[in-house]
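The structure appears below as C-alpha cells.
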Amino acid sequence: MNMMSIGQPVRRGEDERLLRGHGRYTDDVDASKQARAFVLRSPHAHADILAIDTSAARSASGVLAIFTGQDLDNRGLGTLKPIMPSKRSDGSPGFVCTQPLLAQNRVRFVGEAVAFVVAETVSLARDAAEMITVDYATLPAVVRVDDALTSDAISIWEDNPGNEAFTHEVGDAASVDDAFSKAVHTVRHRVCVNRVTGNPMENRGCIAEYDAFEDRYTLRATIQSAHGIRAILAGQIFDQPQSKFRVICDNMGGGFGTRGGCHPEYGLSLWASEVVGRPVKWIAERSEGVMTDEQGRGGLVDAELALDENYRFLGLRTHTKVAIGAYFTSDRNIGSTIAGLGGLAGVYMTPAIHARVTGVLTNIMTLAQYRGGAKPEPCHIIEVMVDQAARELGINAAELRRRNMITPQDIPFRTALGYLYDCGEFSKNLDDCLEIGDYEGFKSRHQGALKKGKYRGIGMSNTISGVAQVNFEHAEVRFDNAGGITLLCGAMDHGQGHQTTFRQVLSDKLGIDADLIEYRYGDTDKVTTGVGTFNARCAVLAGSAVVQAAEKIIDKGKRIAGHMLEAADSDIEYGNGKFSVIGTDRSLDISEVAKVAFQKAKLPPDIEPGLYEHGDFGSDAGPVFPNGAHLAEVEIDAETGKVELIGYFCVDDAGTILNPLLFDGQVHGGIVQGTGQILMEDVNYDPENGQLLSGSFMDYAMPRATDFCHFELVTNEVPTKHNPLGVKGVGEAGTVGSMPAVMNAVNDALHRIGAQQVEMPTTAEKVWRAVQERSGI
C-alpha cells in the first residue's frame, strides 16, 4: 500500500521512467509515412522581399511541397491577434501589427520564417531550402529601445511613426506627484533588465497530421496549454470549430513560459499535412530555437523613490520602456510587460505608486513571458531601489526594509496598486533569512576575503507577487466498474511533478493507495478542458480542483453506500478509504461502492450510474501571494572581475507545502534561472544591423552546476484561505527572489571598494572594468 498524504516528501513517481529514457517527447514519436519540414529564415533584421524563386527547390529530390507568404493568402490562414485592449500614450488604440505565419513582402527580424519546405527527410528539406533564392532589399534596422523612440527613428511600420505599440499605466500619478513634493529624500536610478531566452532542454517542435476521412487535425507539440493552443489554432489560424482539432503533449523538456505560445510552425505543419496528405514533423535546431523562441524580460526602467526624514517610503514612480520585438501580435507581447506590475509595491507600506510601461517595436524577436511571467522585473525594481536608497542615504539595507515593512497587524493590507494581501509574515521571513545567513557576521567574512584578493558583497530581497489569478483549472476523478481510478487534469506537466503531487492530494483526500491512481493530462480528446501550466497556478488551481472532485466523489459515494448499508445518507461518514455507518462497525471500501455504482439495478432510482466527478476551481478572491526573503553572498576576483556565488539562503512562504521535495526542486530551479540572468545570460543583438550575436551556446552563457553554491532553503508556511489546500504556489519564487538578491550583492561588493555599480548581466569583463575605473587604471 502506498498511502500518501499532503506534506510528505514523496519522491517523483515519473522520474524512473524518464531517467531510463522511456519518456515520450515530441521527437520520440514518429508517425507512419511522416514527412519532414525545414524553415527558411530571413538573414536580415529589416528588408523588403522583392522576389522569391522556389523553382529549383521544387524540382529537387524528395521535395513534397514549398510554402511562401504568397500561398498564405490563397489558403486564407489567419494570424495570432491580441485580445487584451491597449492604448498608446496619445489615447489612440494600441498599434496591433500581427505576424503572418510566413513573411509577406517584408521581414522585420533575423530568423523570421520566409518559406516552409516539406520533403521526405529533414536533410532533403534543408538542401532544398538552400536552393531557394530570395531577393532582399535591406532596410535600416532599429534595435535599441531608446533609439526606436527618438524623433528621427526609422519606423518599423510605416503607419506607426515613433514605434510605440502601447503605453500602460497603473496607480495614482497625482498622489505620487504630491508625495514627491513632500519628500525629504529622493533616490533616482535607471534599472536595466536585460533580455534572456528560456533554452528549454527540449527544442521546440511538433508533429502535425490532417485526417481527410474525419476532416480533422491532430497536433503533437511542445506546449504549456493543450486546450489553449487548440483554441488559437481553431479560432485564429484556421477559423474552424475546436472539435476539428486534437492537441497532444505527453512529456516536455521544460517550458519556462517560452513554450506558452502558438508558434507559426504549428499552423504551418498542419497546413502542410493537409496539402501533402501525410503527417509532417518539424523540430527546431538548437540555434534556431535561440533565434526564434519567444524571448523574455528586457527593459529600461527609470525609477524614483521618495522618502521622508525618517526614511519611510512616501512614493514610487517608474517608467519602463520595453522592446517587444517587431510584432504586437498576441497578448503575450503586452502581458509579459504589465501583468506583474503589482509587485512594485513589494512588502512595503508605500502609500503612493505610479507605474508606466511603454511597449516599443524594434527589429528583434518578439517578447513573451519567461519564468515568473511579468513578475520578476517589478519585484527586482523595488528591491534594487531599496538597496540604492540605503547606499545613498547611508542606512543599513535590512533596517530600511524593516522601517517600511507591512506587519502582521496591518494584514489584510491593500497596496497602492490594488493588491489585497490576505496573509503573510514578511518581517519574520527577513529576520529568519538574515539569521540563517549569518548577516551579522558578514563584516569579518568581508575582511577575510580582502586578504585573499577577493571583494565580498552581500545582498538581500524580500519579495511578494500575485499568482494563480488567471481563470480556473480542471480535474476529473473517474472510477471504472472494476474499482480502478483515473485522475485527469487540464494542467500540463513539463517537469513540475504533477503526477506525483496530484496523486498525493487525491490519495490524501480519499484515503486510497496512490499506486492505484492512473494520471492523465495533455490530450484534448481525453481531458475535457483546461487552461495550462504557467503563473505558479497549478498547485493552487489544479490541486484545489482535485479536492473539489474528490469531495463530490465522497458525496455521491455516501448516497450509494447508505443505500447498500440500508442507512440514511446523514448517518454515513467517510475516512481512510471506507464509507461507514456512524457508531457501528459496518463499512464498505470505496472500491466496493465504485463497482456497485455501475450497476443500475442496485442503485437508488434518483442516482445516475457511474462514479466520476470533476472539479473546476477558480478563486473569486483574486490572486494568492507567495513571498519570501532571499540572501546572497558573492565574491569578486580582484584580478579578473569574475563573480562567484559563495552563499545563498532563503525563507519562502508558499502557503501549505504539498511535497517538500518538489518544493525544494522548484525553488532550486528558480534560483538558478534568476541568478543565471544576473551573472551571465544575455540575448545580444548588433545595434547597427540587428544580427543576433548570441545565437549559440558559444556566445549565450548558460549557467552550470559549478556556477552555484549550496542553497540553504527554509519554509515559513502561512496558509491562505483563498483555496481549500491553503497553497500559494512556488514555481516562480526562486526567480523572483534571486534576481534582486544577487544583483544587490554584486553592487554591495563594488560599493564597498568605491567602484561604480553595474547592471545585469554582471559579466567578468563588466565587473573588471568597474574595478579598474575605481582604481584609476
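Wrap a convex hull around the Cα atoms of the range 617-668, take a quarter of its surface area, and give that in square nanometres. Provide the component values of the computation, followed by the final result.
Working: hull surface 22.3 nm².
Mean projected area of the Cα convex hull: 5.6 nm².
Over the residues of the chain, the helix contribution to mean residue ellipticity at 222 nm works out to -8500 deg cm²/dmol, using -39500 (n - 2.57) for each DSSP H run of at least 4.
If you build the convex hull over the alpha carbons only and average its shadow over all orientations, what do you get for the range 381-510? Give it in nm² to one decimal.
Numbers: hull surface 55.1 nm².
Over all viewing directions, the range 381-510 projects a mean Cα-hull area of 13.8 nm².
In plain terms, if you count all Cα to Cα distances in the range 234-373 and split them into 5 Å steps from zero, the share in each step is 2, 8, 14, 16, 15, 13, 10, 7, 6, 4, 3, 2, 1, 0, 0 percent. Across the options Ser269, Ala221, Gly198, the greatest Cα extent toward the positive end of the charge dipole of the range 192-269 (unit charges at beta carbon of Lys, Arg, Asp, Glu) belongs to Gly198.
What the Cα convex hull of the range 476-570 gives, in volume per residue, is 106 Å³.
A simple packing score, the average count of other Cβ atoms within 10 Å per residue, orders the peptides 534-543, 271-280, 22-31, 750-759 as 534-543, 271-280, 750-759, 22-31, with the highest score first.
Accessible surface area normalised per residue over the chain is 38 Å², counting heavy atoms of protein chains with a 1.4 Å rolling probe.
For the residues Ser151, Ser336, a 1.4 Å probe over the protein chains yields an accessible-area ranking, largest first, of Ser151, Ser336.
Would you please classify the overall shape of the range 254-333 from the alpha carbon gyration tensor, given that a ≥ b ≥ c denote the square roots of the eigenvalues, rounded means a/c under 1.5, and beyond that prolate means a/b larger than b/c while oblate covers the rest? Could the numbers behind the result be given before it?
Numbers: a/c = 4.25, a/b = 3.67, b/c = 1.16.
It is prolate, given that a/c is not under 1.5 and a/b is the larger ratio.
Probe radius 1.4 Å, ligands and nucleic acids left out: which of Asp432, Asp480 has the largest accessible area, and how do the rest follow? Before the final figure, lay out the partial values.
Numbers: Asp432 45, Asp480 70 Å².
Largest accessible area first, the residues go Asp480, Asp432.
When Rg and the Kirkwood radius Rh are both evaluated on Cα atoms of the range 96-204, their ratio Rg/Rh stands at 1.14. Given +1 at the Cβ of Lys and Arg, -1 at the Cβ of Asp and Glu and no other charges, the dipole of the range 495-551 around its Cα centre is 200 debye to the nearest 20. Asp515 contributes about 90 Å² of solvent-accessible surface, heavy atoms of the protein only, 1.4 Å probe.
In debye, nearest 20, what is the charge dipole magnitude of the chain about its Cα centre with +1 on Lys and Arg Cβ and -1 on Asp and Glu Cβ, if you could check?
Working: 74 positive and 102 negative charges, 61 e Å.
That gives a dipole near 300 debye.
Over all projection directions, the Cα-based convex hull of the range 1-93 averages an area of 15.9 nm². Which of rounded, prolate or oblate describes the range 394-457 when judged by the alpha-carbon gyration tensor and an a/c cut-off of 1.5? Prolate is the answer for the range 394-457, as a/c is 1.5 or above and a/b outweighs b/c.
Mind checking the range 74-135 for chymotrypsin sites (Phe, Trp or Tyr not before Pro) that DSSP puts in a loop (not H, G, I, E or B) and that have at most 16 other Cβ atoms within 10 Å? Mind dumping the intermediate values first?
Numbers: sites: Phe95, Phe109, Phe116; in loops: Phe95, Phe109.
Taking the range 74-135 and a limit of 16 other Cβ atoms within 10 Å, no loop chymotrypsin sites (Phe, Trp or Tyr not before Pro) are found.
How would you rank 339-349, 183-193, highest first, on the average number of other Cβ atoms within 10 Å across their residues? Provide the component values of the computation, followed by the final result.
Values: 339-349: 25.7, 183-193: 16.3.
Ranked from most to least packed, the peptides come out as 339-349, 183-193.
Looking at the range 124-167, the GluC sites (Glu not before Pro) that sit in a DSSP loop and have at most 16 other Cβ atoms within 10 Å of their own Cβ are Glu158. Between the range 82-144 and the range 664-731, how far is it from one alpha carbon centroid to the other, in angstrom? Centre-to-centre distance over Cα atoms comes out at 29 Å. The alpha carbons of the range 659-777 stretch over 59, 37, 28 Å along the principal axes, in descending order. This model, with +1 at the C-beta of Lys and Arg and -1 at the C-beta of Asp and Glu, gives the range 612-760 a dipole about its Cα centre of some 300 debye. With coordinates expressed along the principal axes, the C-alpha atoms belonging to the chain extend over 90, 73, 52 Å, beginning with the largest. Rounded to the nearest whole Hz, the Karplus-based 3J(HN,Hα) values (6.51 cos²θ - 1.76 cosθ + 1.60, θ = phi - 60°) of the range 137-143 follow the sequence 10, 5, 10, x, 10, 10, 10, with x at glycine and proline.
In terms of solvent-accessible area of protein heavy atoms at a 1.4 angstrom probe, what is the ranking of Arg12, Arg144, highest value first?
Per-residue accessible area, sorted high to low, gives Arg144, Arg12.
A Cα-only calculation for the range 439-479 places Rg and Dmax at 23.4, 68 Å. Once you reduce the range 488-538 and the range 625-656 to the center of their Cα atoms, the two points are 32 Å from each other. With no solvent and one equal point scatterer placed on each C-alpha of the range 537-645, evaluate the Debye formula and give log10 I(q)/I(0) for q = 0.13, 0.15, 0.22 Å⁻¹, two decimals. The Cα Debye sum returns log10 ratios of -0.63, -0.75, -1.11. Rg and Dmax of the range 500-554, both derived from C-alpha coordinates alone, stand at 11.6, 31 Å. Counted over all Cα-Cα pairs of the range 48-162, pairs farther apart than 19 Å make up 59 percent.
The Rg/Rh ratio of the range 215-290, with Rg taken over Cα atoms and Rh as the Kirkwood radius over Cα pairs, comes to 0.95. Structural size metrics of the range 328-408, computed from C-alpha coordinates, are Rg and Dmax of 15.5, 48 Å. Treating the range 551-710 as a set of equal point scatterers at the Cα positions, no solvent, please give the Debye-formula log₁₀ I(q)/I(0) at q = 0.13, 0.14, 0.18 Å⁻¹. The Debye formula, applied to the Cα set alone, gives -0.80, -0.86, -1.11.
Hey, can you rank 623-629, 763-769 by average C-beta count inside 10 Å, highest first?
Working: 623-629: 28.4, 763-769: 16.7.
Per-residue Cβ counts within 10 Å, averaged per peptide and sorted highest first, yield 623-629, 763-769.
For the chain, which whole percent of the accessible surface, found with a 1.4 angstrom probe, sits on carbon and sulfur atoms? Write out the running numbers ahead of the final one.
Numbers: 14360 of 29710 Å².
C and S atoms contribute 48 percent here.
Percent of C-alpha pairs per 10 Å bin in the range 148-231, short distances first: 11, 17, 20, 26, 16, 7, 3, 0.
The values are calculated or read from the model by the stated rules, or taken from the named source; none is laboratory data. Please read all numbers here as calculations on a predicted model, not as lab measurements. Reconstructed Cβ throughout: ideal geometry from the backbone, glycine too, with neighbour counts over all protein chains shown. Just so you know, the surface numbers come from the protein's heavy atoms only, side chains and all, with ligands and any DNA or RNA stripped out. Shrake-Rupley method; radii C 1.70, N 1.55, O 1.52, S 1.80 Å.
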